[in-house]
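Down below is the structure, laid out as structure tokens.
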Protein chains: 2
Amino acid sequence: MALDHAILVSLLEKPGSGYELARRFDRSIGYFWAATHQQIYRVLKRMEGDGWIDVREVAQDDRPDKKEYSVAAPGRAALTAWLHEPIEPETVRHELAVKIRAAAFDDPAALVHEVERYRRAHADRLTRYLAGERRDFTGPEAPGTLDAGQELQHVVLRGGIAYERMTLDWLDDVLATLRRLGSPR
Amino acid sequence: MALDHAILVSLLEKPGSGYELARRFDRSIGYFWAATHQQIYRVLKRMEGDGWIDVREVAQDDRPDKKEYSVAAPGRAALTAWLHEPIEPETVRHELAVKIRAAAFDDPAALVHEVERYRRAHADRLTRYLAGERRDFTGPEAPGTLDAGQELQHVVLRGGIAYERMTLDWLDDVLATLRRLGSPR
DNA sequence: CTTGTCTATGCAACGAGTTGCATACCAGGA
DNA sequence: TCCTGGTATGCAACTCGTTGCATAGACAAG
């Protein structure tokens with residue numbers, strides 16, 4: 001149930017409403033933990049009931065009012081406790097790998113177009129990551145100018161970049177294999 | 001709901017019982033789509049009810065009897081239909097990335113031991129992948145000896161190997177960053 | 001002859017995630 | 001004035017995944 005903790009981290013980085021959190025989960029933190037606004041609103045309600053977070057009604061002139069959440073002491077304690085628990089191995093759900101194996105019972109070449117589309121999506125994501133890195137983590141500053149939070153966000157982003165690069169290389173391998181199997185010898 | 005399809009692929013590769021499928025999901029196909037025996041038995045029951053798979057009671061002398069499942073025509077049709085659907089972008093759930101960002105609000109160095117343990121788990125997995133590759137995909141055969149199914153299994157496995165290598169490199173980066181932030185300047 | 005381990009299947013309860021829908025405020029353009 | 005689109009919150013129903021437990025046959029070790 002790490003959605004709780006992902007939300008707590010996001011709120012510690014910056015308090016905000018459910019709507020704002022949902023948008024952060026569409027970029028930034030959501031690159032590593034996906035969530036919809038439905039999940040977020042539900043968890044916020046529960047954590048508020050448990051006293052993990054505080055609410056503040058914020059009236060806005062130019063748009064609907066919102067509820068701004070921030071982390072309370074019990075929430076912060078829960079996050080610290082979770083941080084000291086063992087790291088669970090990720091449960092993998094890689095649909096494409098299943099489809100590739102399924103292609104053995106169909107026409108491998110038929111997958112090519114979908115894989116190409118999928119590859120473009122990953123290329124786009126890499127572009128976004130690199131743009132984010134340029135924006136947030138390079139500049140005129142000397143090394144050591146970033147605080148711990150920024151350093152840690154950067155190392156996570158570097159992981160995302162490495163993942164996308166590795167994925168693009170692998171997808172080229174996949175495409176070559178599919179084309180080879182699809183064409184007659 | 002790709003568990004259905006992962007099971008169908010596994011049964012097409014080789015018919016088997018729920019128990020045998022559960023063991024396959026602990027290695028091989030389960031490296032890319034995790035599932036417990038509970039999920040598997042439930043889905044098998046549903047797919048049998050829908051006529052996607054056939055059952056055959058197999059009496060065994062030296063152990064309890066089992067039910068061997070194999071894919072029926074409607075199941076195969078469902079798999080083909082699924083294969084031609086668009087590939088969904090994976091939904092990422094990367095607990096470690098969340099923990100790293102959470103570490104900004106705690107002691108970054110406290111994560112080091114857990115990350116080291118996590119790194120060892122990935123190193124072990126890479127070792128298993130490489131052993132599997134040596135066992136199944138290298139040998140005296142000339143290129144072109146493998147059938148399409150084996151080629152496709154191999155390219156999926158190469159993806160797993162690339163993922164683990166990338167992850168190990170990234171974890172070294174993570175460890176260096178955590179140590180740097182934990183030690184006084 | 002009991003205990004443990006592996007094979008083999010399954011139920012029940014709960015928790016997490018998905019999908020579709022509903023409401024409402026506010027601004028700007030047709 | 002109505003319609004669209006962005007902001008903002010939420011319910012209900014459903015499916016999927018997790019956890020804990022239960023049963024039972026076969027065999028090997030103590």
Quick check on B:Arg120: is it closer than 30 Å to A:Arg76 by Cα and more than 9 Å from every other protein chain (Cβ to nearest Cβ)? yes
Of the conditions (1) surrounded by 19 or more Cβ atoms within 10 Å (Cβ to Cβ); (2) in contact with a Gly (Cβ under 8 Å, 6 or more places away or on another chain); (3) touching a residue at least 24 places away in the same chain (Cβ under 8 Å), the single one that B:Trp170 does not satisfy is (3)
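One line per residue, one yes/no per condition, for (1) within 13 Å of chain A (Cβ to nearest Cβ); (2) modelled with pLDDT of 90 or more; (3) away from DNA strand C (no atom under 16 Å from the Cβ):
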position	(1), (2), (3)
B:Glu57	no, yes, no
B:Asp65	no, yes, no
B:Glu88	yes, no, no
B:Arg93	yes, yes, no
B:Val98	yes, yes, no
B:Arg101	yes, yes, yes
B:Gln153	yes, yes, yes
Scanning the range B:1-40 for residues that are within 12 Å of DNA strand D (Cβ to nearest atom), crowded, with 16+ Cβ neighbours inside 10 Å and away from chain A (no Cβ under 14 Å) gives B:Gly18, B:Ala22, B:Ile40
Could you please give the count of residues in the range B:55-79 that are without any contact (Cβ under 8 Å) to a residue 60 or more places away in the chain and either over 15 Å from B:Pro15 (Cα atoms) or among the β-branched types (Val, Ile, Thr) (or both)? 11
Given the options B:Thr127, B:Thr91, B:Thr145, B:Thr177, name the one that is surrounded by 13 or more Cβ atoms within 10 Å (Cβ to Cβ) and not acidic (Asp, Glu). B:Thr177
Of the candidates A:Trp52, A:Trp82, A:Trp33, the one satisfying the condition of being touching a helix residue (DSSP H, G or I) at 6+ places or on another chain (Cβ under 9 Å) and in contact (Cβ under 8 Å) with a residue 60 or more places away in the chain is A:Trp82
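Every residue, every condition in (1) basic (Lys, Arg); (2) within 17 Å of A:Ala6 (Cα to Cα), yes or no:
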position: A:Ala77; (1), (2): no, yes
position: A:Asp106; (1), (2): no, no
position: A:Ala110; (1), (2): no, no
position: A:Arg120; (1), (2): yes, no
position: A:Leu130; (1), (2): no, no
position: A:Glu133; (1), (2): no, no
position: A:Thr145; (1), (2): no, no
position: A:Leu157; (1), (2): no, yes
Suppose we filter the range A:71-86 for residues that are hydrophobic (A, V, I, L, M, F, W, C), under 26 Å from B:His113 (Cβ atoms) and surrounded by fewer than 17 Cβ atoms within 10 Å (Cβ to Cβ); how many remain? 2
Failed condition for B:Gly30, given (1) touching a Phe, Trp or Tyr at 6+ places or on another chain (Cβ under 6 Å); (2) modelled with pLDDT under 95: (1)
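The values are calculated or read from the model by the stated rules, or taken from the named source; none is laboratory data. Values in this document were obtained by computation on a predicted structure and should not be read as measured data. For neighbour counting, all protein chains shown are included, and Cβ atoms are generated from backbone atoms with ideal geometry for every residue, glycine included.
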